[in-house]
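The structure follows.
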Amino acid sequence: MPVTQELLNKEATASRQTQPSKHRSWWLSLFELVALTLILVFAIEVFFAFAGVGQEEFLEPDPVLGVRHIPGKKIVWRLEGYSDEKLSSSGLRDQERAINKPANTLRIALLGDSATEGMQVSLSETYGAQLEAALNRKYGASGKQFEVINFGCSSYSNGQEMIQLTKDIAQYKPDAVVVMYNRGDYIENIRDPSTMKAEPRPYFYINSKGEFSQDDTIMKNNQDLFKADPVMDFLRRYSCIYGVISHTNLTLTINEPLYSKLRNTLLKRLMPGFADKTRAVQAPYTIQDPWQVTETIFKRIGDSCKSINSKLIIACFPNNVNERQYSVQIDSLKKLAEKENYGFVDLTPQVIYNKDPKSLFIKYHFSGKGHAMAAEQLQPLVEKALNQ
Amino acid sequence: MLFNSFTYLLFLPLVVALHWALPPLGRRILLLIASYVFYMNWMPTYGLLILGLTAANFFFGIAIDKYPHNKKGILTASLVFNLGGLCFFKYADFLLKSAWSALHITKTYTGFPAAIPDSSPVLNILLPLGISFFTFEFIHYLVDVYRGSKPMTNFFWFALFAAFFPSQIAGPIKRFQDFDDQLKANHKFDFKLFREGLGLIFIGLFKKMVLGDNLGRVVAVGFNNPLQMGTVDAWLAAVGFTIQIYVDFSGYTDIGRGSALLLGYKLPENFNWPFLAASLTEFWRRWHISLSTWLRDYLFIPMGGSRVSNFKLKRNLFITMALGGLWHGADWHYVIWGMFHGAGLVVTKDWSDLVNKTPWLSRLRPHFLWHWSGVVFTFTFLIFACVLFRATSIPHTLQVISRMFTLAPSSAVLHAFMVSTLPVSLTCYAIFLALERLAHHSVKQPVPIVHNLVSYWSHSWPARLAVCVALGLVIMGFTPEDVSPFIYFQF
C-alpha cells in the first residue's frame, strides 16, 4: 500500500477519533488561517531569501526616466548567467561611488542597457570593472587613479541615457562617457504615433519644423504609475514573495497569450486599479524615422559631454547574428562619430574573428569573456580620449 | 497540452468541476471530449489518427471475441496493424538511416551496390504524441481478449480507455479490465481521494519543475560540451541526469495519477523508490512498473518466460530489454541502453544463482552491508546506463564516460550546479523523503509527534489551504523561466 494511502487511512482514523472540525466555529478556523498564513509568509520570505529566490526585481518607476534601479537592492540573478550582489546606495550596478571626484582621479561613465549593466556576470567581471582594473594596473604607479562608473540600466533607450546624462551623471563630472549602442535601441527611442499602447518612458520625435522634442504624453497619462506607493515600494524592495509573483506574472505574460488575456479581463472587472495601466494617447506627430531621431539623440549626448568637458565614445554591441539592418546602423554611427570627432569602436570583428565566439556570450548577453573583450577594446579609446 | 502549462492549470479544474456537476453518463462523455481536447490542443489532425487507431482496435477486439476459430489470424493482423503504425511514425527514419548506413558499409568494403544516395533519405514524419503508449495499451487489450477476457462492447468507453487524458501521453500503461471496472462504477465524490490527488499533483509539479527542469539545465551544460568537463563535472552531469529522468518521469506520473484521482479514477503506480533497489532485477520491479509488467506479460512470457532452459531464459531477458530500449527511442543508443540493461539482468541472474549455490555467500545475504552495497552497485550501474540514454550517440556516450575517468579540474557543470537553486531544493526534497519514510514507519510504530501532526493535518482545512498556497509559491519561485516538456513525451 502506498505511503500516502496509509497516511490517509491513518488520518481518517484520527479524524474519526477527534472529530473536532464539526464543532469548531468559523471564526476560530479563520483565526487559524490568518495565523498560519502569517507564519508561512514569514517562513517563505526567510526561505526564499536564504535560497536566493525572488530577488530579480530591481527596477522601480521613475517620473523622469520611466524606470530606474532600486537603490541598495539585493539581487540574485539567475535568468541568464548568475550574479549575487547589491546595487549601490545610489542605484548603480557598481560599488559605492562618491559624487565628488577624488583628487588625481579620472572618471569614465558607462551608459547603456542590460549589456552594460551586466547582471549576467558578477560585478568584478563586467567590462566596467575590468576596464577600471586594467587602467589602474597600467597607470597606478604614476599616481593616476581611474574610476569607471557603471550607469547601465536594463531596458534603457538612447533617449533615456541622454536624460540620465544630464539628470544624474553630469554631477559625477566624468572625463569620458562611453555609450554602448545595442541593436534594439533605435526603435526604443521613438513610438508609433498611431498605437494607443506604449511602455511608459520618454520618447522623442522631430516635429514638422524640424525641431527635436520629447514626447512625454505617455508618462503624463500614466502618472498614477509614478505616484509614491509606500506598500508597493516596500514589497518591491524587500519581499521575495512579491519578486516571485511579479516574475511569474511577467513570464506568463510573455509566454502564455491566454494568461495575459484572462488576467486583463479579470482585473478590469474585479480590480480596475490593478489592470493594465499603460494607456497612451495619439502622438502629436507623424511616423518618425527612427534613425534620424537616434542620430539627433547622439548629437545631443555629444553636446552634453562637451558642456561638462567630457569626451564621448560610442561602442557598438557585437552584431553576432549578422543582422543587416544593425550593420547599417553601426556604419551610420561610425560616420557620425568620425564627423563629430567622437571615439568609436564596433565590437563585431572581435566576435567574428574569435576562435570560440560562443564563449563570449551566455545567451543574449556577454559572458565574463565577452566583458573582458569589450574592456580590452575600449581601453585604447579611453586612453586616447583622456590624453586629448 | 503539457501538465506543467498554464492551459492545464485552467483545463483541469474546469474538467473536474464539470465532471462532478454532471450525472454519471455525462461525466464519461465529458471525459472523452476533454481527453480529445487535451490531445488535439497539440495537433488537431493527429486526434483523428488516434480516433482511427481506436476504432480499428475496437473492431479487432470484437472480431477476436466473435470469431474464436480465426482469432489467431485476427490477432496477428491486429498486431501487424499496430506495430506497423508505430514503425511508420516512430521508426521509419531510423530504419531508412540504418539501411543506408548498412549499404554504405557494404559499398565501402565490397563495392556493391554501385550507387547509393550521398545521405540517408529522411521522411521527417512528426511523431504523434504518446503513440508508443497508445500502441502498448492496444496490444495489451487485444492479447487479453485473445486470451479470454471479454472485450469492451461500448466504443465510446473504449475510446475513453485509450485517450483518458491523465495517462494519455506517457502512461502509466493501463490495463483495460481495471479501467472498465472503474468506468462502470458509479463514482461518488470522495474528498479523501481528492486530497490525495491534489497532494500528488503538487509533489509531481515540484519534482518536474523545481528539480527536473533545473537539473536539466545543469546536465545540459555538461552534455553539450562533453570534452570540456572535468572529472567532478562528468560525474555530476551523469548523476544529475539519473536523478532528472526519475523526477521528470515520476513527476509526470504523479500529476497524471493525481489528476485521475480528482476525477475519481485510480491509475496504476509506476514507481516505488527505484533507487533503493538492491539489484537490477529489483530495480525493474520498482521503475516504470507499468512498462516492465507489460514487457513481462506480452513479450517475456510469450517467448517462454522463466520456464525454459537457463540459456533461453537469459536470451529472453536480453531480447526483452533490447526491444524495451528500442521502444524508448528510434536510435541505436537506446537499443544499446536496452541491451546494457539486458546484459545487467543476465549477470544479476548468474550472480543470484552463484550466491544460492555458495553457502558462505548465502550466509552473508541477510547482512545490511550486503543490501546497501547492492543498492550502491545498482545505482552506479544506472548512472552509466543513463549516460547512454541521455547522450545523442555512441561516440557522445564514450566522450562523457571517458571524462568521468579522466582526472581534470572541474569547471562549468559544478559552477552551474552551485549557483542554481538545486542545493537548496534537493536538500528540501531529501528532507521530504526522509519525513515520508518516517511517516511510513509511524504507521507501524506510532511516533507521537508524527501522529499528532497527521491528526492536526487531517482536521484542519486552514492548515491544508495555507500549505497548498505556500507550496504553490515555492514551486513558482524555484521554477526556471523556460518551461520544458517531459522527457518521456518524445517516446
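The values are calculated or read from the model by the stated rules, or taken from the named source; none is laboratory data. Values in this document were obtained by computation on a predicted structure and should not be read as measured data. When we count neighbours, we look across all protein chains shown, and the Cβ atoms used for this are built from the backbone with ideal geometry, even at glycine.
Could you tell me whether B:THR253 is part of a helix (DSSP H, G or I) and surrounded by fewer than 22 Cβ atoms within 10 Å (Cβ to Cβ)? I'd like the intermediate steps shown before the answer.
On the way: part of a helix (DSSP H, G or I): yes; surrounded by fewer than 22 Cβ atoms within 10 Å (Cβ to Cβ): no.
Answer is no for this residue.
Could you pull out every one of the helices (runs of 4 or more DSSP H) wholly within region B:378-468 that has 2 or more residues that are within 12 Å of chain A (Cβ to nearest Cβ) and closer than 30 Å to A:LEU36 by Cα?
Working: elements: B:394-404, B:412-419, B:422-444, B:448-459.
Where helices (runs of 4 or more DSSP H) fall fully within region B:378-468 and carry at least 2 residues being within 12 Å of chain A (Cβ to nearest Cβ) and closer than 30 Å to A:LEU36 by Cα, they are B:422-444, B:448-459.
Which residues, counting only those in region B:17-35, are under 18 Å from B:HIS187 (Cα atoms), assigned to a helix (DSSP H, G or I) and free of Cβ contacts under 8 Å to residues at least 60 places away in the same chain?
Scanning region B:17-35 gives B:ALA17, B:LEU18, B:ALA21, B:LEU25, B:GLY26, B:LEU30.
Out of B:ILE131, B:ILE116, report the one residue that is touching a residue at least 12 places away in the same chain (Cβ under 8 Å) and either small (Gly, Ala, Ser) or under 30 Å from B:SER290 (Cβ atoms) (or both).
Values: B:ILE116 fails: either small (Gly, Ala, Ser) or under 30 Å from B:SER290 (Cβ atoms) (or both).
The unique qualifying residue is B:ILE131.
Can you tell me which condition B:SER279 does not meet? The list is (1) surrounded by 16 or more Cβ atoms within 10 Å (Cβ to Cβ); (2) free of Cβ contacts under 8 Å to residues at least 40 places away in the same chain, and all the others hold.
Result: B:SER279 fails condition (2) only.
Just to verify a result, which residue in region A:335-356, among those that are touching a Cys at 6+ places or on another chain (Cβ under 8 Å) and not in a strand (DSSP E or B), is surrounded by the fewest Cβ atoms within 10 Å (Cβ to Cβ)?
A:THR348
For region A:159-187, which residues satisfy the criterion of being closer than 27 Å to A:THR348 by Cβ and basic (Lys, Arg)?
The one that is closer than 27 Å to A:THR348 by Cβ and basic (Lys, Arg): A:ARG183.
If you go through region B:189-198 one residue at a time, do you hit one that is within 30 Å of B:ALA17 (Cα to Cα) and free of Cβ contacts under 8 Å to residues at least 12 places away in the same chain?
So in region B:189-198, the residues within 30 Å of B:ALA17 (Cα to Cα) come out as B:189-198.
Remaining after also requiring free of Cβ contacts under 8 Å to residues at least 12 places away in the same chain: B:191-192.
The answer is yes; a qualifying residue exists.
Based on this model, can you work out whether B:SER393 counts as loosely packed, with under 13 Cβ neighbours inside 10 Å, in contact (Cβ under 8 Å) with a residue 40 or more places away in the chain and assigned by TED's automatic domain parsing to the domain that holds B:ILE243?
On the way: loosely packed, with under 13 Cβ neighbours inside 10 Å: yes; in contact (Cβ under 8 Å) with a residue 40 or more places away in the chain: yes; assigned by TED's automatic domain parsing to the domain that holds B:ILE243: yes.
Yes, satisfied.
Out of the strands (runs of 3 or more DSSP E) lying entirely within region A:112-206, which hold 2 or more residues that are in contact with a Gly (Cβ under 6 Å, 6 or more places away or on another chain)? Break it down into steps so the answer makes sense when it comes.
Details: elements: A:145-150, A:176-181, A:203-206.
Where strands (runs of 3 or more DSSP E) fall fully within region A:112-206 and carry at least 2 residues being in contact with a Gly (Cβ under 6 Å, 6 or more places away or on another chain), they are A:145-150.
Okay, moving on. Within 11 Å of another protein chain (Cβ to nearest Cβ) and either touching a His at 6+ places or on another chain (Cβ under 7 Å) or at pLDDT below 90 (or both): does that describe A:GLU6?
Working: within 11 Å of another protein chain (Cβ to nearest Cβ): yes; either touching a His at 6+ places or on another chain (Cβ under 7 Å) or at pLDDT below 90 (or both): yes.
Criteria met by A:GLU6.
On the basis of being surrounded by fewer than 16 Cβ atoms within 10 Å (Cβ to Cβ), touching a Leu at 6+ places or on another chain (Cβ under 9 Å) and either aromatic (Phe, Trp, Tyr) or under 30 Å from B:SER484 (Cα atoms) (or both), does B:LEU198 make the cut? Don't jump to the end; show me each part of the working.
Values: surrounded by fewer than 16 Cβ atoms within 10 Å (Cβ to Cβ): no; touching a Leu at 6+ places or on another chain (Cβ under 9 Å): yes; either aromatic (Phe, Trp, Tyr) or under 30 Å from B:SER484 (Cα atoms) (or both): yes.
In short, no.
Determine which member of the set B:TRP284, B:TRP332 is surrounded by fewer than 20 Cβ atoms within 10 Å (Cβ to Cβ) and in contact (Cβ under 8 Å) with a residue 60 or more places away in the chain.
The unique qualifying residue is B:TRP332.
I would also like to ask the following. Say whether the condition of being surrounded by fewer than 17 Cβ atoms within 10 Å (Cβ to Cβ), at pLDDT 80 or above and more than 30 Å from B:TRP235 (Cα to Cα) is met by at least one residue in region B:417-431.
Scanning region B:417-431 turns up no residue that is surrounded by fewer than 17 Cβ atoms within 10 Å (Cβ to Cβ), at pLDDT 80 or above and more than 30 Å from B:TRP235 (Cα to Cα).
Of the numbered conditions (1) surrounded by 15 or more Cβ atoms within 10 Å (Cβ to Cβ); (2) free of Cβ contacts under 8 Å to residues at least 60 places away in the same chain; (3) within 14 Å of chain A (Cβ to nearest Cβ), B:LEU14 fails exactly one; give the number of that condition.
(1)
Conditions (1) modelled with pLDDT of 90 or more; (2) assigned by TED's automatic domain parsing to the domain that holds B:ASN310; (3) touching a Gly at 6+ places or on another chain (Cβ under 9 Å); (4) assigned to a helix (DSSP H, G or I), marked per residue:
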site	(1), (2), (3), (4)
B:TRP337	yes, yes, yes, yes
B:GLY344	yes, yes, no, yes
B:VAL347	yes, yes, no, yes
B:TRP351	yes, yes, no, yes
B:SER362	no, yes, no, yes
B:SER373	yes, yes, no, yes
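Condition test on B:PRO480, is it in contact with a helix residue (DSSP H, G or I) (Cβ under 7 Å, 6 or more places away or on another chain), within 10 Å of chain A (Cβ to nearest Cβ) and closer than 18 Å to A:ILE44 by Cβ?
Values: in contact with a helix residue (DSSP H, G or I) (Cβ under 7 Å, 6 or more places away or on another chain): yes; within 10 Å of chain A (Cβ to nearest Cβ): yes; closer than 18 Å to A:ILE44 by Cβ: no.
For B:PRO480, the condition - in contact with a helix residue (DSSP H, G or I) (Cβ under 7 Å, 6 or more places away or on another chain), within 10 Å of chain A (Cβ to nearest Cβ) and closer than 18 Å to A:ILE44 by Cβ - is not met.
Related question: Condition first: modelled with pLDDT under 85 and crowded, with 19+ Cβ neighbours inside 10 Å. Can you find one or more residues in region A:282-291 that meet it?
Step one: filter region A:282-291 for residues modelled with pLDDT under 85, giving A:282-288.
Still in the running and crowded, with 19+ Cβ neighbours inside 10 Å: A:283, A:288.
Yes, region A:282-291 contains a residue that is modelled with pLDDT under 85 and crowded, with 19+ Cβ neighbours inside 10 Å.
With the structure loaded, tell me whether A:ASP229 is more than 14 Å from every other protein chain (Cβ to nearest Cβ), surrounded by fewer than 17 Cβ atoms within 10 Å (Cβ to Cβ) and of a type outside the set (Ser, Thr, Tyr) or whether it fails that test. Give the steps one after another, and end with the answer.
Numbers: more than 14 Å from every other protein chain (Cβ to nearest Cβ): yes; surrounded by fewer than 17 Cβ atoms within 10 Å (Cβ to Cβ): yes; of a type outside the set (Ser, Thr, Tyr): yes.
So A:ASP229 fits the description; yes.
Just checking, which of B:TYR91, B:TYR109, B:TYR39 is surrounded by fewer than 12 Cβ atoms within 10 Å (Cβ to Cβ), outside any loop (DSSP other than H, G, I, E, B) and either among the aromatic types (Phe, Trp, Tyr) or in contact with a Cys (Cβ under 7 Å, 6 or more places away or on another chain) (or both)? Break it down stepwise before answering.
Values: B:TYR91 fails: surrounded by fewer than 12 Cβ atoms within 10 Å (Cβ to Cβ); B:TYR39 fails: surrounded by fewer than 12 Cβ atoms within 10 Å (Cβ to Cβ).
Just a single option satisfies the conditions, and that option is B:TYR109.
Further question on the same structure: Residue pairs, Cβ under 8 Å, 6 or more apart or interchain, first in region A:232-261 and more than 7 Å from chain B (Cβ to nearest Cβ) and within 19 Å of B:LEU471 (Cα to Cα), second of a type in the set (Asp, Glu) and part of a helix (DSSP H, G or I). List them.
Pairs found: A:SER239/A:GLU45; A:CYS240/A:GLU45.
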